[in-house]
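The values are calculated or read from the model by the stated rules, or taken from the named source; none is laboratory data. In this text, all values refer to a predicted model and were calculated from it rather than measured experimentally. Counting neighbours? That spans all protein chains shown, and the Cβs are built from the backbone with ideal geometry, glycine included. SASA here: full protein model, heavy atoms, side chains in, ligands and nucleic acids out. Shrake-Rupley method; radii C 1.70, N 1.55, O 1.52, S 1.80 Å.
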Amino acid sequence: SRMLDYFVALGLKYLYEPLSPVYDEALYILMLEKVLEQPALTEEERQEYAFDLKMASKNRPGDKAADFSFLMRDGNRSSLSKVKGDYILLFLGDPECDICIDVKEQLLASPCFMRNVENGRLKVLSVCVEGNSDAWRESPAPKQWIDACDEKQQILGDLLYDIPGLPLLYLLDSEHRVLLKNVPPSYIEGFFSR
């Protein structure tokens, strides 16, 4: 039991933390499936690992991204399913998160990324998952991005997306199918430079 806990902790650290150099959600899911087959698990452990597996399995590449509604800066409301573009970058973050700010700056500084935004090929939906907060209303909003907040806090409250850390970047196609899930900005840049 102690060894199983140890190896699960290693799997979580190396396969599931987005900043890990060997991050691989597919392997993490496989590991959880195998762990759940172990007869030595307590019922509490089984429920915990089953929940982790359920969350990691949400919005996988090839799946249609879970829809949610949002409030925009101008007071209008919309939903992810109404965002149209050849590609859609879903940026889930928090304006008070330093890493979120850094990632946003990396994307804005990328000529390849910005060229696709400017020519309309790529729509960017930046959503503050913390809701309609003062921090969101007072934070600078990049031009040409749809800057919004999850006013009803559906994403967190309804567990629509697995959020191991912020920010989360999802690249979607025109049908809102997930192409890239929880990737660093360099992967988005690499996709558009091909």
request  = Could you please find all residues in the range 12-36 being in contact with a helix residue (DSSP H, G or I) (Cβ under 8 Å, 6 or more places away or on another chain) and outside any helix (DSSP H, G or I)?
outcome  = S20, V22, Y23, D24
request  = Restricting attention to the range 137-161, report how many residues are open to solvent by less than 40 Å² (accessible area, probe 1.4 Å) and either modelled with pLDDT of 95 or more or under 11 Å from F91 (Cβ atoms) (or both).
outcome  = 9
request  = Considering each of L169, L125 in turn, give the residue that is crowded, with 20+ Cβ neighbours inside 10 Å, closer than 18 Å to D98 by Cα and modelled with pLDDT of 95 or more.
outcome  = L169
task = At least 3 residues that are farther than 16 Å from F68 by Cβ in each: list the helices (runs of 4 or more DSSP H) lying fully within the range 101-162 that qualify.
result = 111-118, 134-138
query = Are any of the residues in the range 130-145 of a type in the set (D, E) and under 27 Å from I29 (Cβ atoms)?
reply = no
task = For E96, state whether it is of a type outside the set (A, V, I, L, M), more than 19 Å from L172 (Cα to Cα) and modelled with pLDDT under 95.
result = yes
note = Filtering the range 27-48 down to residues that are open to solvent by less than 50 Å² (accessible area, probe 1.4 Å) and at pLDDT 95 or above yields Y28, I29, M31, L32, V35, L36
query = Out of the range 109-120, which residues are loosely packed, with under 15 Cβ neighbours inside 10 Å and on the phi < 0 side of the Ramachandran plot?
reply = A109, P111, C112, R115, E118, N119
query = With respect to S57, is the statement that it is open to solvent by 40 Å² or more (accessible area, probe 1.4 Å), closer than 25 Å to C100 by Cα, out of contact with any Phe, Trp or Tyr (no Cβ under 6 Å at 6 or more places or on another chain) and modelled with pLDDT of 95 or more true?
reply = yes
remark   = Scanning the range 60-99 residue by residue, those in a strand (DSSP E or B), crowded, with 17+ Cβ neighbours inside 10 Å and not aliphatic (A, V, I, L, M) turn out to be F70, Y87, F91, G93
query = Is there a residue in the range 178-194 that is surrounded by fewer than 20 Cβ atoms within 10 Å (Cβ to Cβ), of a type in the set (D, E, K, R) and in contact with a Gly (Cβ under 9 Å, 6 or more places away or on another chain)?
reply = no
